[in-house]
Each structure stands twice: as C-alpha cells, then as structure tokens.
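The values are calculated or read from the model by the stated rules, or taken from the named source; none is laboratory data. All values reported here derive from a predicted model rather than from experimental measurement. Here the Cβ is made from the backbone with ideal geometry for all residues, glycine too, and neighbour counts use every protein chain on show.
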Amino acid sequence: MYQSTLKDYLRESRLFRARALSAVVLVVAPLLLLVFHLAQLQIIDHDHFTTLSRDNRVKVQPLPPTRGLIYDRNGIILAQNLPTHSLEITPERVRDLEQTIEQLKQLIPISDNDLKRFNRLKSHQRRFDSIPIRVQLSEAEVARFAVNRHLFPGVEIEAKLLRDYPLKDVTAHILGYVGRINKKELQTIDASAYSGTAHIGKNGIEKYYEETLHGEVGLQQVEVNALGRVIRVLQSTPPSPGMDLHLTVDATLQRVAMEAFGEDNGAAVAIDPRNGDILALVSKPGFDPNLFVEGISTQDYNALQTSEDKPLFNRAIRGQYPPGSTVKPFIGLGGLEVGLFNPQQKKFCPGFYQLPNHSHKYRDWKKGGHGAVDMADAIIQSCDVYFYDLAQQLGIDQISAYLAPFGFGSRTGIDITGELGGLLPTREWKRESRNQPWYPGETLITGIGQGYFLITPLQLASATATLASRGNRIRPRIVSSIQQGSDGPPHNQPITPLSPVEKQSQGNWDSIIEAMLEVTEGLRGTARRIRNDHYRIAGKTGTAQVFTVKQEEEYDEEKIDKKMRDHALFIAFAPALEPRIAVAVIVENGGHGGSVAAPIAKAIMDHYLLKAKS
Amino acid sequence: MAHYQPSGLPESNPTKAEGLLADLHLDLPLLTGLLLLCGFGLVILYSASGQDMAVMERQAIRLAVAFVVMIAVAQVPPTTLRRWAPWLFAAGILMLVAVLVAGQVGKGAQRWLNLGLFRFQPSELVKLAVPMMIAWFLAEKSLPPRWNRLLIAGIMILVPVLLIAKQPDLGTSLLVASAGIFVLFLAGLSWRFIGGMLITAIPVALALWEWGMRDYQRNRVLTFLNPERDPLGTGYHIIQSKIAIGSGGLYGKGWLNGTQSYLDFLPEGTTDFIFAVLAEEFGFTGILMLLAIYLFIILRGLYIASQAQDTFSRLLGGAVTLVFFVYLFVNTGMVSGILPVVGVPLPLVSYGGTSLVTIMAGFGILMSIHTHRKLLPT
C-alpha cells in the first residue's frame, strides 16, 4: 500500500514531467512559427506594407485653378467668379437619399426645380462627386444648416467660386457660358487637368478660349484618416490661375445695339475695318447665361428651347439669311471691275425684267419701275431690274468668283465657337448638292441677293468692312489681348490680314462708295432718314424675302403674319471716307431695311463715333 | 495515507519583501512577469486609445481588480479548490443553460446573465471550472486514464463547449475545449489516441462545415483562407492589420506614431487588434520583447505545475498555463493573418475586463499551487 502509493506517485510525477516537456515544445514551436511569420511581414515584406500603409493615409487632392476673367475693351468686367455657398450631397456617403432630402427641406427651401436639376446631375456624374441640391444660399440658410450639420452626413456646404455674367443677355452670345462637365466631355478632356474642376466652357468665347481661361491644376498631398477626412497637408503645388481675356467688344455699345432693336429680333455686328476688331456682336433676343452655370432646370431650358424667338440661337454667327439688296454694291463693283459696265451707262427700268424667250416676269420692288437709271441710281434707289440685267450679263460664274474674295460663302475665322459659313451659290455647288444644272433665272435672283445666296450677319459685316477699307481684308477678332492677372504682361493677339480683294481701278470703288453715301444723303436714298450732320455714312439697305410672292399677286404687309414678313437689312460704314466702323444689321421680319434696320445701325455708329471713348 | 515530515531542509533567511510575498502566497518570478506584461500593455494601450486618459483609468482599475482577485485566489489551498471543483462545474453548466434561456443579447450573441447589480458572463467561470472538473475527475484514479474514464471526461468537456458555441461564442468555446483537452493531454493521453483523434478530426471538420456552422462562421473561415475575398467587409480587418504589422518593420514607427492606428485604419485597435498597434509602433524588436515576457510567464507556469505535489494541482496548473498560451497564439495568429478571425483578446494587454479577471484568477491558482506545497523529500 505504502510502497505502491509511492511508486504511483513517482510514476505519475515522471509522466507529468514528460508531458510538461512536450508542452514546452507545444508552446515554443508555434511561437517560432509566429516569429518567422512576423519576420516575413516586418522584414522581408516591409517595403510592400510600407507602400500600402502610405497609400492608405496619403491622398493626392487636386487644387482647381481659378478661371480667367473676361473684360471688354474699356475694362468693364463681363465674366467673373463670385464666391457662393451651395448645399451639396455626395450620394455615395448618404444612406437614405430620399429621407435626407426630406429632412433638408425642413431646414432649407428646396424647390421642385432644384430637385429635378439634382436628379439630372446625379445621373450624369460619379457617385463620389458632390452634387448641388441648392445653389446661392443666403447667409441665414448657411447658418441654419451649419447648426444642424451633424444630422446630415454626406451633405456639405461648399464655398466656391461660381462663374457670373453681370451683363447677362447683353453678352450671352459672345461669351457663351460654362456648365458642369458632362460624361461626353469627360472623354475628350485631359481628366487630370480637370480633376477638381466641375465646370467647362460650353459655348462662345468660354469654349473657344477654354484652355487659356482654365489655367493649370495644382496638387496637394494630404494625410487622411480611414473616413477620408483630411488630417493635415503634407505637400502642395499651387494651381496657376487661368489667363484673363480682354475683348475688342465695347460692352456699352453692345447694350446700345441691343436696345436699339426694341421689340424686334435680329442680329447686328460692328467691326473696326482698320484692324478687324469686333466692336459689337448682338444676337437678339439674348438669354441669361447664369442659368446654365449650375445646371439649368428642365423647365427653364424647355422655355428657352421651344420659344419661337429662339433666344439660344446665335443669329450673329449662325444665322443664315439671304443678303437681299445689301449685296448690290458688291455685285455693282464686280460689274465695273470686270469692265462690262461703266458707271454712267443708263438702263431703262419698266418695273420688271424678262429673260429673252421667257414669259416669266422678274419684278422690281417698285411697281411702276425706276425709269432710266445709272449704277449710282440703281444703288441709291435699289433698282432690281438694273441688277437683273447686270447679273444676266456677268453670269453666275463671274458673280461668285468676284464675291468669294469678300468672304461670302466661307467662315470669317472669328475666335468664337460655332460660326457658320453662309452659302455663295455656284454652278458646281448646285450640281454637287442638288444634282441639277444651273438655270439662268437663278443668276438673276442671285444678283439681288435672293435665291440660294445666304450670309451670316458677321460675314456681311466683315464684307462691309472690306468694302470700307477699299479691299483690305482682316480676319475679325474678338480677343485683343490675354493677360495673367492684372499685373502680368499683356499678350496682344495678332491682327491677321487676309489676302485683299483684287483692285482694277480705284475709281470703280469710289463711285460705288459715292453711291452708298447717296443712299443716306440723297433725296431718293432708301436710308435718307439716318442722314446727320456729324459724320457721313455710306450704306445700303436690303430686304430679304421670307417667302416668295406668286406671279401677279400683291405683297401686302398689312395682311400677312408678322412671321412671314421680309427681313430688313442694312449695311453701313462711317465716316464714309475714313471708316472707323462697319456695321451689318438684320432685323427679322422687320420689313424695310431703310426704315427698321438703318436706325439701329445709326444708333450703333452714333454711340461709337460720338460718345464712346476712342 | 502517509505523510512526510519536513526534515533537513536548509533554513533560508527570507528578506522582508520575500516574507511578505510568502505571507500573501505569491510567486515572485510569476508576479514579476505579470507586472511587466501589464505595464507593457498599458504603454501600448495609451497609444492605441489615442492617448485617452479615461480609457487608461478604466483599464488600470480593471487590472487592480484582477490582481486583487489573483491574490484572493492564491490564498485558497489546492485541496479546497479540488473540493469545490464539481460544484463550480455544476453551477457553470446551470448558468450556461440559463444564459441560453434568459440571457441578454449583445453584439448578436447571448452571453450575459443579468444578476440585477451586474452582468455576469458564465462562460468565463466555465473556463476555469472545466479544467478543475476534469483534473478532479482524473486525479481520482491513477494515471494515465483508462478508456472509459476518458470517454466520460470527453463528455464533460463537450457539454459546456457546445453550450457556449450555441450562444454563439466561437472564441470562448475554443478556449474551454482546449482547457479540458490540455488536462487530458497532461494526464497522459496516449500519443496513439492523439494521432487517431487528429485523423478523425478531418471528416468531423468537414461535417461541421456542412451542418454545424453558421454563415458568419463560414465566412470567417473563408476570409481567413483568402482575406482579399472581401476586402471591404470581413477581410478588411486582416488586411489593415497586416499593413500595420508589416509597415512597422524592424524597429517600428515609434511610440504614438502608428499611422494605421491613429488614422483609424486599424479596427478594434485597443481590443482584439492591439498586437498590430504594438507591431506598428515598436516593430519586430518590440514584438520579440513582448513574446519573451509571455514565454517567460508560460515557462514559469509549466515549471510550477511540474513542481506541484499532487496530480490535481499538476493537471490544473499545467492546463491553466497552456490555455494562457492558447489566448496568446490565437490572438497573435489572427492579427498577423495565420489563424482565422476569432474574437480572442491578447491576454492582459487588450482593453477590456471580462477575460482579464479569469486569466488572473488562473494565475492565482498557479500561485496557490506553488506556495501551498508541503515540503517533501526529493
């Protein structure tokens, strides 16, 4: 008993020691495994994990540049950046979007339009981009949200610079506007240059000079925590702001021109013939470009889009109209230069013209006819029959060959996006586009600026400037200099001379311009009402048919709908012998050029020559 | 029964401090190791909590309570513990059943029993009651145990383990199971049997996978096998933890300079993942220091167990020590990505109180075993 207990005790003790020893191995072996594993992580793969750790905490953030400003020729600001507060939601960070918006509504008024815009922007943008639900918050609204901010994760007040166009509709068609970058644009722009920038030029100068205005993005390295909150800035490269643009446009002149239209729609372009500077470029009606900056509401957009006045349509550079009688000085000059006519040669105008062996009567605007007229009379009284005959003798090939160097039928190359080129009809053009031969009758109506012939107001103004400067051609320009801030050296934009119109005789030009002077000064001049004592105006009226009057039918202004009325045109330059301004005006459905379009041109020239700082 | 009289022992001349330790039934080397560990733990916690003094204060209080419990347990002689074993075990089982019936739900699992004044987690008691019970049961007969007794012991382990797993609390049931199995192992479970069990474990594991696991548990295993499977969900913890450890390098980023923990990339930095904070800030050298302290404590525990004079004390002491190791290895293995994500704290370092008290009570048992020895001839 005694012995066996002792034996048991010793045996169990030995057994336990053996097991304890095994236990030591059981402990040490896994610990060694652990140590090896940790050595693998901390020594061998250290660099890899250091990189991962750095990627975790260091984020690169773009610092968007400030967009360049736009000034008129006298330093009046046309496009600026205003600090505003907007309420923005990052959809990715909001759990229940609907509920969040409902709660926000209790705090800050959010209209249905705001909501619609939000939803539209949301479908176009990345989930981690913040999207404005309300813009231009008042101070009180900012304060009210700030107090309740903790209740709205993923909703932030963003203080930022928003593009603003103080002259609104007056400069809308020149400047265009910026808007939020859409998916299509994302594919064409350099994404890194636009990281942090939400807006891009959509139209007009804002689009044409996008690269200049945008500037260069800066970068900063920041340390963020797991929630993405910035803890501190590690390193930063500041952005370089966009360049400022100084325009050739006179904002006051622009407004004067706009107002001169009164209730009418149309376009007016004024150019300095000496250097091609665009002094005014009006398309009426305008629109408020500020609506587009933070995303226009569907309702506003539809209103603009469906309006019969087409406010979004830039008539000055995209509107294509028949030039009507404004083309007569150019064709008349062509007749003289080619040598078919001499200025004194008279023709009899019975009120209509007939091609040999044709019964169709091409009518003059004056029913009884002008009687015997020479070149000057034909321009002053705008005799159609004289020009039917001239066109008939020149033929379409010579007409288009002579008009093309004035810039008809091609873009002027102005530095605004979206310009169209008009149409100068030729025999080849008609065969290619319509697969039809050229008919002789079409030559006649081309001679009075009807038929296929189309011009843009800008084109017409540019051609008028060429006429004014006796054949010199300069590409119209709207930006005169580019400058970094207000202190930087101004980079003047080049004045680009184009190949001049070939001149046979100075006398031919003088007699045409003499006739155009008589248009405003002569007793029978179609624009004699704008005659004035301060400066002399050379001009030409025009009327472009919107629809064709049937044979033997009377055109009665009173009876037809305003929309079907003729467009009124007027071209002019002044002072006639030393021109500083050339103008083209088109008043849609205005009726007669002399009574409607000429006074608008006069208002522009008055302001520029008499009131504006030179 | 025979009793041996102490004779011919060299009389030591204890210093005052040693005298006090002896009076309190404390073991100096073990106490030193534990104090070092807790001190190191507080240093890391200070950084991991973002230098939160409130957290430090709460943890200090918990540590103090745990040390008091340890000292209290150390006063109880092993013979008394042995007498209590069946009763504690029975009480533990009853409370586990009560938890399942009327327990409180926290973090998606029923673990707590509301006793009016405070909430109590019975599984913590069971962590000690199971090895005590098995040690008590096996010490009745001579070792190594026979097959029939092994079977009974196995059932004694399985019942509480299943009850805890049902809460569900995978981590604790694993610890309880290991406590019981360690007793069997130390009692001389034959190597052949161990080998046999390991071989049968494979089909059992497959069966468990198919029918016995909940989705989140399966997810944990899958995520463990390939953390990148779900980098934003379950795998995120492991990925971030490995980044913290790996970027720590040989010497670490420096105390209070761990970017992973300070910028909140590391989840649960003060509790289950505090080891990653240490690894990030103190590097490989810091880890070796910590593991050295742990190893010292474990070896001292095994030494105490092997010096114990009765089978019950040996088995219990050894098992308590090995469970402490399981804590350490499961936690560090999880944090460094070689074991599945199982919610086990880093013992005596992680912030939090429940397991702290149990662990220190276990060390109280070890101290009791060592200081209540009767002197025997060698």
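Yes/no per residue for (1) touching a Gly at 6+ places or on another chain (Cβ under 9 Å); (2) surrounded by 24 or more Cβ atoms within 10 Å (Cβ to Cβ); (3) farther than 28 Å from B:VAL55 by Cβ:
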| residue | (1), (2), (3) |
| --- | --- |
| B:LEU288 | no, no, no |
| B:THR311 | no, yes, yes |
| B:ALA319 | yes, yes, yes |
| B:LEU322 | yes, yes, yes |
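In the set A:LEU121, A:LEU161, which member is in a helix (DSSP H, G or I) and touching a Lys or Arg at 6+ places or on another chain (Cβ under 8 Å)? Spell out how you get there, then give the answer.
Details: A:LEU161 fails: in a helix (DSSP H, G or I).
Testing whether each residue is in a helix (DSSP H, G or I) and touching a Lys or Arg at 6+ places or on another chain (Cβ under 8 Å) leaves just A:LEU121.
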Fill in the blank from the handout: Counting only helices (runs of 4 or more DSSP H) entirely within region A:282-347, those with at least 1 residues that are of a type in the set (S, T, N, Q) are A:290-293, A:298-306
Handout entry: Any pair with Cβ under 9 angstrom, 6 or more apart, that starts in region A:209-234 at a residue that is within 10 Å of chain B (Cβ to nearest Cβ) and ends at one that is among the aromatic types (Phe, Trp, Tyr)
Key = A:ASN225/B:TYR262; A:ASN225/B:PHE265; A:ALA226/B:PHE265; A:ILE231/B:TYR262
Exercise for the section: Would you check if there is a residue in region A:467-483 being without any contact (Cβ under 8 Å) to a residue 40 or more places away in the chain and within 28 Å of the chain's Cα centre (by Cα)? Expected result: no
Handout entry: Selected residue (only one of A:THR248, A:THR197, A:THR171 is of a type in the set (Ser, Thr, Tyr), touching a residue at least 40 places away in the same chain (Cβ under 8 Å) and under 19 Å from A:LEU121 (Cβ atoms))
Key = A:THR197
Practice task
Tell me, please, whether a residue that is over 29 Å from A:SER283 (Cα atoms) and in a strand (DSSP E or B) can be found in region A:179-186.
Solution key: no
Problem - Test: residue in region B:362-376 that is over 17 Å from B:ALA74 (Cα atoms), facing another protein chain (nearest Cβ under 10 Å) and surrounded by fewer than 24 Cβ atoms within 10 Å (Cβ to Cβ) - result: yes
Problem - Subset of region A:41-59 [touching an Asp or Glu at 6+ places or on another chain (Cβ under 9 Å), within 7 Å of chain B (Cβ to nearest Cβ) and among the charged types (D, E, K, R)] - result: A:ARG57
Handout entry: Yes/no for A:GLY196 being assigned to a loop (DSSP other than H, G, I, E, B) and modelled with pLDDT of 90 or more
Key = no
Problem - Conditions (1) of a type in the set (D, E, K, R); (2) at pLDDT 90 or above; (3) closer than 23 Å to A:TYR353 by Cβ: number failed by A:LYS602 - result: (3)
Exercise for the section: Please work out which one of (1) surrounded by fewer than 15 Cβ atoms within 10 Å (Cβ to Cβ); (2) free of Cβ contacts under 8 Å to residues at least 60 places away in the same chain; (3) farther than 30 Å from A:LEU420 by Cα is the condition A:GLY339 fails and give its number. Expected result: (2)
Practice task
Report yes if some residue within region A:67-87 is in contact (Cβ under 8 Å) with a residue 40 or more places away in the chain, more than 8 Å from every other protein chain (Cβ to nearest Cβ) and more than 30 Å from A:THR212 (Cβ to Cβ); otherwise report no.
Solution key: yes
Handout entry: Pairs where the first residue, in region A:146-162, is in the same structural domain as A:LEU87 (by TED's automatic domain parsing) and the second is among the polar types (S, T, N, Q) and in a helix (DSSP H, G or I), C-beta under 9 Å, 6+ apart
Key = A:ASN148/A:GLN103; A:LEU151/A:GLN103; A:PHE152/A:THR100; A:PHE152/A:GLN103; A:PRO153/A:THR100; A:GLY154/A:THR100; A:VAL155/A:THR100; A:LEU162/A:ASN290
Handout entry: Residues of region A:483-513 that turn out to be part of a helix (DSSP H, G or I) and surrounded by 16 or more Cβ atoms within 10 Å (Cβ to Cβ), as a count
Key = 5
Handout entry: Residues of region A:589-607 classified as among the polar types (S, T, N, Q), part of a helix (DSSP H, G or I) and farther than 14 Å from A:THR520 by Cβ, total
Key = 0
Problem - Out of A:LEU291, A:LEU304, sole residue that is touching a helix residue (DSSP H, G or I) at 6+ places or on another chain (Cβ under 7 Å), outside the structural domain of A:LYS168 (by TED's automatic domain parsing), surrounded by 15 or more Cβ atoms within 10 Å (Cβ to Cβ) and of a type outside the set (D, E, K, R) - result: A:LEU291
Completion exercise
If you go through A:ASP415, A:ASP389, the only one that is closer than 30 Å to A:PRO494 by Cα and not small (Gly, Ala, Ser) is A:ASP415
Fill in the blank from the handout: Within region B:234-253, restricting to residues that are closer than 30 Å to B:ASP215 by Cα, facing chain A (nearest Cβ under 9 Å) and in contact with a helix residue (DSSP H, G or I) (Cβ under 6 Å, 6 or more places away or on another chain), the one that is surrounded by the fewest Cβ atoms within 10 Å (Cβ to Cβ) is B:ILE239
Completion exercise
Restricting region A:451-482 to residues that are surrounded by fewer than 20 Cβ atoms within 10 Å (Cβ to Cβ) and among the basic types (Lys, Arg), the one nearest to A:SER499 (Cα to Cα) turns out to be A:ARG475
Exercise for the section: Select, from A:ARG180, A:ARG134, the only residue that is of a type in the set (Lys, Arg) and either at positive phi or in contact with a Leu (Cβ under 6 Å, 6 or more places away or on another chain) (or both). Expected result: A:ARG134
Fill in the blank from the handout: Quick count over region A:514-544, residues being β-branched (Val, Ile, Thr) and touching an Asp or Glu at 6+ places or on another chain (Cβ under 6 Å), is 1
Problem - Single match in B:GLY171, B:GLY188, B:GLY180, B:GLY196 (criterion: more than 23 Å from the chain's Cα centre (by Cα) and small (Gly, Ala, Ser)) - result: B:GLY196
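Just to check your reading of the model, which residue among A:LEU31, A:LEU38, A:LEU21 is farther than 18 Å from B:ILE287 by Cα, of a type outside the set (Lys, Arg), without any contact (Cβ under 8 Å) to a residue 24 or more places away in the chain and within 9 Å of chain B (Cβ to nearest Cβ)?
Matching residue, one of A:LEU31, A:LEU38, A:LEU21: A:LEU21.
Based on this model, can you work out whether B:LEU63 counts as part of a loop (DSSP other than H, G, I, E, B), under 25 Å from B:MET132 (Cβ atoms) and out of contact with any Phe, Trp or Tyr (no Cβ under 8 Å at 6 or more places or on another chain)?
So B:LEU63 does not fit the description; no.
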